[in-house]
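*Asks:* Input: one structure, supplied below.
The values are calculated or read from the model by the stated rules, or taken from the named source; none is laboratory data. These numbers come from a predicted model, not from an experiment. Cβ coordinates were reconstructed from backbone atoms using ideal geometry, including for glycine residues, and neighbour counts include every protein chain displayed.
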Number of protein chains: 2
Amino acid sequence: MQAELLKKCTDAGIRMTAQRSLIIETLLESDDHPDADRVYRRAVERDQSISLPTVYRALNLFEGAGIIKKINMNDGKARFEPVRNDHDHLIDADNGHIHEFQNKELKKILDSIAKEMGYEVIEHRIEIVGRRNGESNCDCIQIKVY
Amino acid sequence: MQAELLKKCTDAGIRMTAQRSLIIETLLESDDHPDADRVYRRAVERDQSISLPTVYRALNLFEGAGIIKKINMNDGKARFEPVRNDHDHLIDADNGHIHEFQNKELKKILDSIAKEMGYEVIEHRIEIVGRRNGESNCDCIQIKVY
DNA sequence: GTAGATGCAAATCTTTTGCTCGCCC
DNA sequence: GGGCGAGCAAAAGATTTGCATCTAC
């Protein structure tokens, strides 16, 4: 898994350094969509010498290479996750927890909407903000619940 | 249209001032989803004395009252628009232009996804990033093209 | 060896806040 | 009249940048 990402990096012509691979490792072990500062604090636990600007530079670099994805909760900071099988987010309005889901029907609809407007989908950002309602019989492919 | 928004404000117990109504007017006349600074620059053209903090305070106030909506392009600043009939955004990857659309099927899918995960949809954020592909026969309700 | 990466400090940019004065209801 | 809003200046928080040094290839 980590080797896979490292390969993606070298394929993208990204020079691999101790800091960068530590940042990748940190992201892979984080299942909570950390912001840059949180990535930094986790990384610095293992390598005292790593710095926040390096984290920012690496995250931007990785994002540009399509290796990680920037996501946007409305909290004023960018959050990051490795690009995995494409999924979207449902955010619990009461506690902020992020649930991931995957739904083919949804993607088809997006494609057809874009097509109707003369466009082809390159990417999409979808966040549902929801509130628990008791019943819960998950039929869509729910990847993870944090 | 503007009267309508002003009424929404007073209904929400928002005290109306010259600055606030100027900000509302500015938003209504902007069809490009301006960020706070752009709202400020447009407003200051008409009232030299208005200040940026006032714009921020007003925008936050309006957002809290459900009168305007904050939207999040991945550019690090919050952008705003009056709450109109619910719609979503398609962003042209090449020139950044924002197209708005409305699609009932999409909403139904979101509802059912949330329901399957035990949630009820409170709100959603959807952005499609797309690239023109020549053909363009818009069947979905496209509200505006900027 | 050299282009590119890092750390540090400081700048930049967006957004928020403290405070005093002024205005809406 | 009194509380809430506005402007100003400054703080706070997130992110970026300049520069000297170090390192991967």
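*Asks:* How many residues does the range B:55-95 contain that are within 11 Å of DNA strand D (Cβ to nearest atom), of a type in the set (D, E, K, R) and modelled with pLDDT of 90 or more?
*Replies:* 2
*Asks:* Next question. Restricting to the range B:56-95, and then to whatever is surrounded by 14 or more Cβ atoms within 10 Å (Cβ to Cβ) and of a type in the set (G, A, S), can you tell me which residue is farthest from DNA strand C (Cβ to nearest atom)?
*Replies:* B:A93
*Asks:* Can you tell me which residues in the range B:14-69 are in contact (Cβ under 8 Å) with a residue 12 or more places away in the chain and assigned to a loop (DSSP other than H, G, I, E, B)?
*Replies:* Selection gives B:I14, B:S30, B:D31, B:D32, B:H33, B:P34, B:D47, B:I50, B:A65, B:G66, B:I67.
*Asks:* Ok, one more. Suppose we keep only residues that are within 12 Å of DNA strand D (Cβ to nearest atom) and part of a helix (DSSP H, G or I) within the range B:1-13. Which one would you say is surrounded by the most Cβ atoms within 10 Å (Cβ to Cβ)?
*Replies:* Here the answer is B:C9.
*Asks:* Please count how many residues of the range B:97-117 are within 14 Å of B:H87 (Cβ to Cβ) and more than 9 Å from chain A (Cβ to nearest Cβ).
*Replies:* 5
*Asks:* Within the bounds of the range B:60-70, is there any residue that is under 30 Å from A:E120 (Cα atoms) and not charged (D, E, K, R)?
*Replies:* So far as the range B:60-70 goes, yes, one or more of its residues are under 30 Å from A:E120 (Cα atoms) and not charged (D, E, K, R).
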